[in-house]
Each structure stands twice: as structure tokens, then as C-alpha cells.
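Structure record follows, encoded as C-alpha cells.
Coordinate-derived values only; no laboratory data. None of the values given here were measured: they were computed from a predicted structure. Positions of Cβ are generated from backbone atoms using ideal geometry, with glycine treated the same way; all protein chains shown enter the neighbour counts.
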Amino acid sequence: MRILSIVGARPQFVKLAPVADAFATAGVEHLIVHTGQHYDSRMSDVFFAELAIPEPDVHLGVGSGSHGVQTGAMLSALDGVLDEHRPDWVLVYGDTNSTVAGALAAVKLHLPVAHLEAGLRSFNRRMPEEHNRVLTDHAADLLLAPTQVAVGHLAAEGLAARTVLVGDVMTDVCFRVRDAVLARPHPLPAAVEQAGAHLVATIHRADNTDDPDRLAAIVAALADLPLPVLLLAHPRLAARAAEFGISLQTGSIVPAPPLPYPAMVSAVVRSRGVVTDSGGLQKEAYLLGVPCTTLRTETEWVETLKGGWNVLDPELTQVRSVAARPAPTTDRGSPYGDGRSAHRVAETLAAGLAPR
Ligand code: UD1
């Protein structure tokens, strides 16, 4: 069996790590195509190196651009690659422009497509990711759902027959890395290390970064928090802040470049709380038992809200009072699987569940 994975953005490299591992164990022929959506070494190479992911077999080098330009460039570059390799499965991950481009290119060539992390919904149609998810789910032949809630969304859209609940592969990688970093913590910047307690923050969504007033309000809220805030700045955040003349080096904020995955898990597991607009980080905080405050109107990972582990604060009215709240005592259960989801992905693909 030959499987061709299409990835391009940081969260996809994290998901790819346990999947590539499971494919290697199962003896699957696995090709990796990197679209080049993320190209800074801190957003890409370092994830391959530190998570021991095999080098991509093909790199499309597409880079940044408007959504249409970026997605279109991927589509036109993928045709030849897919035609050359004719895999038994094309596997696409998550909800980025690389996901929808991969799914669309493959179905047009009548290649079976599986979507990993299918069925997530924010129901916020302003988000480019929401369109990417819905379009990919409806194009794909096999929907690998991470949670029971995702299975329910797919059933409500008439997609139950193509759906398999496999669990969340991010749990696999998060638990594996957590165990390693608990044994050997990664150092934090001196200002954070010396304080003895800290928060971790990330902000990268266009709705939060691209309006100067909104971004200034978020930076002011973070600056006002009662503990040092390690702000891991996505390139878009750094660029917009510079453009709008907003200094990230203010108040409690300790700005730093994005971290590789193990260093990020280490920073979070040692933190008192996370403030973010990232989907992945909300869930990592939950898996690691760290309270999270999410600066968005909704979350796809609704399980994290139960028991107050994750609190939504789009209006920034609660951040100051809740960001450093104590961890709830409620049991989190394991809505994101048991850490063996990637093996179920490999088994499900091998079972050839392509109903078309
Ligand atoms: C993408 C995903 C988002 C995911 C995020 C993780 C889409 C629509 N969005 O958003 O779901 O949460 O990745 O990080 O696919 N840039 C660089 N260097 C890079 C990559 C990006 O400088 O290596 C800058 C460029 O200015 C670029 C901007 O960041 O225009 C945005 O990058 P893009 O890939 O378009 O979207 P993300 O915001 O990263």
C-alpha cells in the first residue's frame, strides 16, 4: 500500500509525526509532499528534525500569498506529483489551505482521499479554516474523526457512512513528548525562568492580528497579566505588530520566536496557564492539565470547555482575572483518545475502507 501525505503548515507537521511513525511500523510505503505553505525554519524544518519525521519526498515551495494565490499554486503543482505517484490513498491533515488543495487535487484525479481530523466545526464562516474543513470533508472518501463530537457533525451533514472514529493523533505525540520533557525540561528565557511561574501565549489568527485596535487591545491585556507571559510570536504577529507600531516588549510580556514542539510542550507543562487563539494549543493545554484562556468567540475543541479547563474570552473582559486561575479539579476524562490513534489510522487505511 502506498500512502501520500500532503502537509504544509506547522500544525500538520505535528500530526504527521505519529502517523509517519505508525506507517513505518506497519511497513507502509509512505511519501510526504510538503507544499511549502510554511517555510521559515522555525515553522517547518525544526519540526521535522525534532519530531524525527522523514524528510519530505517532494517540496512544492509554494510559500505565502493571498488564499486564492496560495491554494491555486498548490493545486497546479500537485497535479503532476499525484499523477506520477498514483498512491492508494492521499492523506490530508487538519484545516489549512494545504488540506483543501490536497483534497481537491486528488479527487479530480480520482485518487482516494482520507481526511485526518475530519468533522471539526467552529460554525464560524469568517474563518478560512472552517471552509477548508467543510470542503475537504465533503470531497474526501474516508473521514478519520478525532472525537465523538466530530463524528456527530459528520453524521449531521450526511457523511456517516464514510466516517471512522480513530481518536486524535495529537494526543499520541503530545503524551510521548510530555514524558520526555518532564524528564528533561527545556530552558526558558531568563526573565521567565527567574520569576518561578509564568503563562504561555500565542496569537496568530487574522481576526486578532490584522486590525490594529484589536491587536493593541490584546497586547495591552497580555501586558497587564499578573505573571510573566512568554509570547511565542508567529511571523504574522511579529509583522503586524511592527507594521502598526505596537511593541510586544511591554509590561508582563516576554516576546520570543516560535518554539519547536518539544520546547513548546515543556514551556506549557511548566506554566500556570495558556492564553491563545490556536486550536492545537488549546488542546495541548487540556491534555497537559493546564488551564487555557482562548481569545476567540468559539472553539472547535468543545470538550476542553467542560469543567472550566478552557474559557473563551473574545471581548478580553476576563483575561486579567482568569488567565492565571488555578487548574480545575474536575476529571478531564480522555475525549481525545488513548494516545494510539495513529495506529488506528494505519489500520483503517490498510483495511481499504474506500466506499466509492
Ligand atoms: C495557517 C493555517 C492555520 C494554522 C496556522 C498555524 C490556513 C488558512 N491557515 O495559518 O489554520 O492555525 O497555519 O500556524 O491555512 N509566514 C511567514 N513564514 C512562514 C509562514 C508564514 O513569515 O513560514 C507569514 C507570512 O507573512 C504569511 C503569514 O505568515 O503571509 C500567514 O501564513 P499562512 O500560511 O498564510 O497562514 P497562517 O496564519 O500561518
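A quick yes/no check of all residues on (1) in contact (Cβ under 8 Å) with a residue 40 or more places away in the chain; (2) under 19 Å from V100 (Cβ atoms):
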residue	(1), (2)
P18	yes, no
G27	no, no
H38	no, yes
F47	yes, no
A52	no, no
V58	no, yes
H85	yes, no
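Of the residues in region 32-59, how many are more than 12 Å from the ligand (Cβ to nearest atom), surrounded by 13 or more Cβ atoms within 10 Å (Cβ to Cβ) and within 21 Å of the chain's Cα centre (by Cα)?
Summing the residues that are more than 12 Å from the ligand (Cβ to nearest atom), surrounded by 13 or more Cβ atoms within 10 Å (Cβ to Cβ) and within 21 Å of the chain's Cα centre (by Cα) in region 32-59 gives 9.
Given (1) over 25 Å from A145 (Cα atoms); (2) within 16 Å of the ligand (Cβ to nearest atom), where does L16 come up short, assuming only one miss?
Against the list (1) over 25 Å from A145 (Cα atoms); (2) within 16 Å of the ligand (Cβ to nearest atom), L16 comes up short only on (1).
Grab the strands (runs of 3 or more DSSP E) fully contained in region 238-350, keeping just those with 3 or more residues being within 17 Å of the chain's Cα centre (by Cα) and buried (at least 17 other Cβ atoms within 10 Å of the Cβ).
273-276, 292-294
The rows are residues; the columns are (1) over 18 Å from S278 (Cα atoms); (2) under 23 Å from the mean Cα position of the chain (by Cα).
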site	(1), (2)
A145	yes, yes
E157	yes, no
T171	no, yes
V181	yes, yes
P187	yes, no
V219	no, yes
L227	yes, no
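Please give the helices (runs of 4 or more DSSP H) falling wholly within region 135-208 in which 3 or more residues are away from the ligand (no atom under 16 Å from the Cβ) and over 25 Å from L16 (Cβ atoms).
By residue number, 148-156, 190-195.
Identify, please: which residue in region 209-233 is assigned to a loop (DSSP other than H, G, I, E, B) and without any contact (Cβ under 8 Å) to a residue 60 or more places away in the chain and is, among those, farthest from the ligand (Cβ to nearest atom)?
Going through the qualifying residues, I end up with P228.
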